[in-house]
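Okay, so here's the structure we're looking at.
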Amino acid sequence: MANTRIALVTGGMGGLGEAICVKLAALGHNVVTTHSPGNTKAGEWLESMQRQGYSFRAYPCDVASFESAAACVKQVVGDLGPIDVLVNNAGITRDMTFRKMDKANWDAVVQTNLDSCFNMTKQVCDGMVDRGWGRIINISSVNGQKGAFGQTNYSAAKAGMHGFTKALALEVARKGVTVNTISPGYIGTKMVMAIPKDVLDSKIIPQIPMGRLGKPEEVAGLVAYLSSDEAAFLTGANIAINGGQHMF
């Protein structure tokens, strides 16, 4: 690429988001991430990344709030310039059966996982269209495709992300902007590895034909491809990366 492109990854501190930040930086992108406004360890994370040779920037942002998203992107653009690649990665879970689920736990998950796609994308999409190049990548989940017990909120939000992807992809396809969804299965992040080993070995891994968890770097590699010039003819897709756990 002729110029360094600016990539914004929401929820990039730790787990899958961190792997995405590292991969995009290794490819020459100027990487920015967001963290929740109450995160008191953002400085420590930045220092840790600095020691590994990555000069990331991080900005506080409540992705569930349109106003916070607007303020965050305005600051990023003011500091660094227009955003070329947006990875909507931030998400939370509030798992419980529907019988026990209350409105607060429904709203928290839908607002953070789905509304955030609108809140963040709205800030950058017009600029991408005006410049004739852009990449929007939404990180969904295998459970948005097949459902999951105790995750009506999460599955609904993650399925909604791909509906958003398909509609927006149609609108900007002729403008040099692609919009795609990635739906990971069980990935070996700290959150997944915190599941008791006997549960992983007896309940989860047997569902995966490859017989193992995915690696964050494998998902990050897919993000890197979708962010590239070579992926210019790929839009509106939902790419499953789940070891064969769910095929559609």
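Only the coordinates and a few stated rules stand behind these numbers; no lab work does. All of these numbers come straight from a predicted model, not from anything done at the bench. Neighbour counts run over all protein chains shown; Cβ positions are idealised from the backbone, glycine included.
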*Under a 5 Å amide H to amide H cut-off, with H placed in plane at 1.01 Å, what residues pair with Gly214 once short-range neighbours are removed?*
Tyr186, Ile187, Gly188
*For region 1-125, treating each Cα as an identical point scatterer without solvent, what Debye log10 I(q)/I(0) comes out at q = 0.17 1/Å?*
-0.85
*For Ser55 and Tyr225, calculate 0.36 nm times their separation in residues minus their Cα-Cα distance, and state this gained length in nm to one decimal.*
59.0 nm
*Measure nothing but the geometry: give the 0 to 90° angle between the long axis through the Cα atoms of 42-51 and the longest principal axis through the Cα atoms of the chain, rounded to 10°.*
70
*Name the residues whose placed amide hydrogens come within less than 5 Å of the amide hydrogen of Asn30, ignoring near sequence neighbours (fewer than 5 apart) on the same chain.*
Arg5, Ile6, Ala7
*Per-residue HN-Hα couplings for region 97-103, Karplus 6.51 cos²θ - 1.76 cosθ + 1.60 at θ = phi - 60°, whole Hz, x for Gly and Pro?*
5, 4, 4, 8, 6, 9, 4
_Check which residues have an amide H placed less than 5 Å from Ala240's amide H, if you skip close sequence neighbours._
Ser183
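Report the far tail of the P(r) of the chain, meaning the percent of Cα-Cα pairs longer than 22 Å.
53
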*asked:* Between helix 152-172 and the chain, what is the angle of the helix's C-alpha long axis to the longest principal axis, kept within 0 to 90° and rounded to the nearest 10?
replied: 30
*If you average the sequence gap of Cα pairs under 8 Å that are 6 or more apart and divide by the length of region 6-239, what percent do you get for the contact order?*
20
*May I ask for the distance between the Cα centers of region 195-243 and region 36-81, given as a whole number of Å?*
26
*So what's the projected area for region 78-126, the Cα convex hull averaged over all directions, in nm²?*
4.4
_Per DSSP, loop chymotrypsin sites (Phe, Trp or Tyr not before Pro) in region 108-188 with at most 10 further Cβ within 10 Å_ = Phe149
*Kindly express, to the nearest 10 degrees and within the range 0 to 90, the angle between helix 15-26's C-alpha long axis and the longest C-alpha principal axis of the chain.*
30
*Cα to Cα, under 25 Å, and not fewer than 8 places away if on the same chain: which lysines meet these conditions relative to Lys146?*
Lys100, Lys103, Lys158, Lys166, Lys190, Lys197, Lys203, Lys215
_For the chain, give me every cysteine whose Cβ has no other Cys Cβ within less than 4.7 Å, ordered by residue number._
Cys21, Cys117, Cys125
*Once exposed loop trypsin sites (Lys or Arg not before Pro) are cut out (DSSP; at most 15 other Cβ, 10 Å), longest piece of the chain*: 101-211
